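Student: For reference, the structure I am asking about is given below.
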Amino acid sequence: MADISAMHTKQPLGVTTLLSESFSIFFGNFFKVFQLAFGPALIGLLLSGALLGFGVVAGTAVPDISGPGFAIAIVLTILIQIVVYAVTTALLVQLAYDAKLNRQPRLGRYFGPAFASVVPLVVLSFISGILFMIGFSLLIVPGLWIYAVFCVLAPAIVIEGAGFGGLGRSARLTKEYRWPIVGLMVLFLLILIGINMITGFAIGIISVLVGSVALDLILNAIMSTFGAGLASILVALIYARLREIKEGVSVDQIAGVFD
């Protein structure tokens, strides 16, 4: 009986290991992460600036909410950011696997799978985002739980080619591990907020001294790159860990799809 109960013992997610490994991969491949993520972040800010005003996006101006086109501009801006998220995440989850296996990152090979995944990733990210916002409005915790349910959506689509079945695939993988994922994400966000406060203070001083909207946009894109890079790597590692626990699939087997 003891042997049977041991077989059914739930393996730990490994929150601290995942978190520390995410930072290790990020800083160990900082310039390559920057190469992949900075371009989409800057393009997203420029497109948003064209809709809302560059000063608004840079944080140096107040938006004019009285105009009839403001609501449309906001919706389009949200869609732009979702596309930026989709492209960035699709690129970086591949980098994370190469880095975890100590393989030389192959940046040029990431774009094919990334762009092939963009449409389902954008559509499903939009749907999961709406569900998250609904849940978040209900005392925050339900939103965090919903985020945990769909947190490995991106690698499921990019790595497995799950397509529009990505929501269901993420839900199956995260089952029984959603609260540990919530704890991991809360801890990650607290660390990220602390980092953003420090870098934001430094950026604010630079912005005041220079007084350039263009520089503000570039600095904001750098901050977005930092956050998106860390988050995408963490999500990729969560996905790999869940597949290891539930399906006995190792990281090298997962990453072998790119060979």
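The values are calculated or read from the model by the stated rules, or taken from the named source; none is laboratory data. Keep in mind that what you see is a predicted model, and the values were worked out from it rather than measured. Methodologically, a virtual Cβ is constructed for each residue, glycine included, from the backbone with ideal geometry; neighbour enumeration extends over all protein chains shown. Surface accessibility is based on the protein's heavy atoms, side chains included, excluding ligands, DNA and RNA. Shrake-Rupley method; radii C 1.70, N 1.55, O 1.52, S 1.80 Å.
Student: Could you grab me the full set of residues in region 95-133 that are of a type outside the set (A, V, I, L, M) and closer than 14 Å to Leu153 by Cα? Outline the logic, then answer.
Tutor: Going residue by residue through region 95-133, those that are of a type outside the set (A, V, I, L, M) are 97-98, 100, 102-106, 108-113, 115, 117, 120, 125-126, 128-129, 132.
Listed by number, the residues that qualify are Ser117, Pro120, Ser125, Phe126, Ser128, Gly129, Phe132.
Student: Name the residue that is nearest to Gly229 (Cα to Cα), counting only residues in region 203-217 that are open to solvent by 50 Å² or more (accessible area, probe 1.4 Å) and either among the small types (Gly, Ala, Ser) or outside any helix (DSSP H, G or I) (or both).
Tutor: Among residues in region 203-217 that are open to solvent by 50 Å² or more (accessible area, probe 1.4 Å) and either among the small types (Gly, Ala, Ser) or outside any helix (DSSP H, G or I) (or both), the one nearest to Gly229 (Cα to Cα) is Ala214.
Student: Assess whether Val75 counts as being over 26 Å from Phe31 (Cα atoms) and over 17 Å from the mean Cα position of the chain (by Cα).
Tutor: On the way: over 26 Å from Phe31 (Cα atoms): yes; over 17 Å from the mean Cα position of the chain (by Cα): yes.
It is true that Val75 is over 26 Å from Phe31 (Cα atoms) and over 17 Å from the mean Cα position of the chain (by Cα).
Student: Does Ser232 satisfy the condition of being under 22 Å from Phe27 (Cβ atoms) and among the polar types (S, T, N, Q)?
Tutor: Numbers: under 22 Å from Phe27 (Cβ atoms): yes; among the polar types (S, T, N, Q): yes.
For Ser232, the condition - under 22 Å from Phe27 (Cβ atoms) and among the polar types (S, T, N, Q) - is met.
Student: Quick one: what pairs do we get from region 90-106, first residue without any contact (Cβ under 8 Å) to a residue 40 or more places away in the chain and more than 18 Å from Ala231 (Cβ to Cβ), second open to solvent by less than 10 Å² (accessible area, probe 1.4 Å) and not polar (S, T, N, Q), C-beta under 8 Å, 6+ apart or different chains?
Tutor: Filtered contacts from region 90-106: Gln104/Asp98.
Student: Considering each residue of region 218-244, count those that are hydrophobic (A, V, I, L, M, F, W, C) and open to solvent by 30 Å² or more (accessible area, probe 1.4 Å), and give that number.
Tutor: Number satisfying all stated conditions: 6.
Student: Considering only residues that are within 22 Å of the chain's Cα centre (by Cα) and within 20 Å of Ile181 (Cβ to Cβ), look in region 246-259 and name the one that is modelled with the highest pLDDT.
Tutor: The residue in question is Val251.
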